[in-house]
Each structure stands twice: as structure tokens, then as C-alpha cells.
Amino acid sequence: MTRSAVPIPLAILAAMAAAFFLLPLAGLISQFPWATAIASLTAPESLEALWLSLIVSLCATGLALLFGIPLAWIYARASFPGRGVLRALTTLPMVLPPVVGGVALLLALGRRGLIGRFLDSTFGLRLPFTTAGAVLAATFVAMPFLVLTVEAGLRSMEIRYEDAARTLGAGRWTVFRRVTLPLVRPSIFAGAVLCWARALGEFGATITFAGNLPGRTQTLPLAVYIALESHPETAIVLSLALLLVSLAILLVLRDRYLRVS
């Protein structure tokens, strides 16, 4: 493809747009407390929040893989009345304000919620303000990223391989396990990474549904929010750490699955 010269007005507007994204990063780096960075990262509360963030985000990704892959398969292959509406509703958390998602979870799974009151009275199970609640909040906002990515992979794959496997006598489960999943493995990997990154950075739904309890529900983004009020240097260090993780994820996905010429 021939590359034409960029018109000056477009170049100026593009440079302003790039600066809009780069200036906050420059501000973060310019104020980075290099002298106390290691101490801030290795502080007990930082390590505790980091460990909890890893647990919550990995558990959320595991739940998303378990339930999201079958849901993506249904959206890509099945046809039933109301599929479009259901698909819109289950991907709504991508555009829904996270705090609203947290309120919705509280009204559904809280002690007096739609299902929460039954879980509490029957099993004594209380999800709000627990680590399990933080996992559910992260799963709620992150799973749609995996579902849409895997659904796109399923729609773009060659179904003739599945048809060939069926003509050779393979059952539906065998075809799904031995043919479909390997063919959409790149999409599953990309969706899982995006899901994990979104769960790692989740804030609004977590603080609304699970609270901000150190050691139980205070993940790294919540620790940054609290540290910003009393220890801004620690907040800057933790923010840059999260930023670098997100940047690494984007670079990996671009090099392997989002390659552009």
C-alpha cells in the first residue's frame, strides 16, 4: 500500500491527540519518587494489595474462561429468539459505569438482594465485603472482554474442519474439545489476557460491592486511591506499576494478535 504525505492540519491534530495521552504519563514519570520507590513497593500494605489483586484477577479470569467460552460459543453458533438482546445485556458491563455495576451486584447478591437473601438464609453465604465478592465484581466487569474476543474468533474460523471431524464420526464434545478449542486458542488467549488486565485494574464495582478492607478486598487500585490521600509517593509508584503491566499486555497482544502493517 502506498503511503501518501500527511496533510499538515491532520498532522497537527494527530500530534495534539497523541500529546493528550502522553502528557499524563509524562507527569507521572516526572513526579516518580525514585529514592523511595523500592520501599513503597515492598511495604507490607503494598505487597498485601498486590497479592490480593493477583488472586482476585486470576480467579476472575478463571471464572470468565469457565463460563465465558460456552457463552461465546452460543452467541457465535446458536440461533434463538432474543439472542441479540441477551448478548447486549451480557456485554453491558463493558460500557456500564463500574459503580453502577457494583450497586447492581449489591441489589442482586447482597444480604437483602434478589438472590443474596436466599443464599444467606439457606447456606449462610454472604458475598458482599469478602474476597469472593471482590472476585465476582471483577468477573462481572471483565468477562465481556473475553466473551466478545472468543465470539469473534469463533465467527472467523473455518467451520469445515469441524464438519470434517463430524463426518469421521467425532461427537459434538470431541469436536469442540479437539477441533474448535485449538483453532480459537489465539482468541481465547487474547480474551483471557484482556479479561485479566481489566480485572486487575477494577475499582468501582469492587469498592461498591466488596468494600475496601485491607487484606480482604483492598486490591491494588483501591490501595492507590487510599494512598493518594496520605502517601502520594506510594500512590505514584503503584500507579506506574499498574501502568507498566497494562502497557506490557498491550505490546504482547499487538505483536502476536493485533499486528498492523
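Things worth noting here:
- Helices (runs of 4 or more DSSP H) fully within the range 20-136 that include at least 3 residues being without any contact (Cβ under 8 Å) to a residue 60 or more places away in the chain, closer than 22 Å to Leu220 by Cβ and out of contact with any Leu (no Cβ under 6 Å at 6 or more places or on another chain): 44-77.
- Among the residues of the range 145-161, those that are buried (at least 18 other Cβ atoms within 10 Å of the Cβ), over 13 Å from Ala199 (Cα atoms) and touching a helix residue (DSSP H, G or I) at 6+ places or on another chain (Cβ under 7 Å) comprise Val147, Thr149, Val150, Glu151, Gly153, Leu154.
- The numbered conditions (1) surrounded by fewer than 18 Cβ atoms within 10 Å (Cβ to Cβ); (2) of a type in the set (A, V, I, L, M, F, W, C); (3) under 24 Å from the mean Cα position of the chain (by Cα) are all true for Leu105 except (1).
- Sole exception among (1) in a helix (DSSP H, G or I); (2) under 18 Å from the mean Cα position of the chain (by Cα); (3) not aliphatic (A, V, I, L, M) for Glu162, by number: (2)
- Some residue of the range 175-188 being within 26 Å of Met94 (Cβ to Cβ), within 17 Å of the chain's Cα centre (by Cα), not in a helix (DSSP H, G or I) and not β-branched (Val, Ile, Thr): no
- Options Ile236, Ile249: the member that is modelled with pLDDT of 90 or more, in a helix (DSSP H, G or I) and in contact with a helix residue (DSSP H, G or I) (Cβ under 9 Å, 6 or more places away or on another chain): Ile236
- Whichever residue in the range 205-222 is more than 12 Å from Ala138 (Cα to Cα), touching a residue at least 24 places away in the same chain (Cβ under 8 Å) and assigned to a loop (DSSP other than H, G, I, E, B) and, among such residues, is nearest to the chain's Cα centre (by Cα): Gln218
Yes or no, residue by residue, for (1) among the polar types (S, T, N, Q); (2) touching a Gly at 6+ places or on another chain (Cβ under 9 Å); (3) loosely packed, with under 14 Cβ neighbours inside 10 Å; (4) closer than 26 Å to Ser57 by Cβ:
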residue	(1), (2), (3), (4)
Phe129	no, yes, no, yes
Gly133	no, yes, no, yes
Met143	no, yes, no, yes
Val175	no, no, no, no
Val179	no, no, no, no
Leu183	no, yes, no, no
Phe189	no, no, no, yes
Arg198	no, no, no, yes
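The values are calculated or read from the model by the stated rules, or taken from the named source; none is laboratory data. As the structure is a prediction and not an experimental result, all values here were calculated from the model. When we count neighbours, we look across all protein chains shown, and the Cβ atoms used for this are built from the backbone with ideal geometry, even at glycine.
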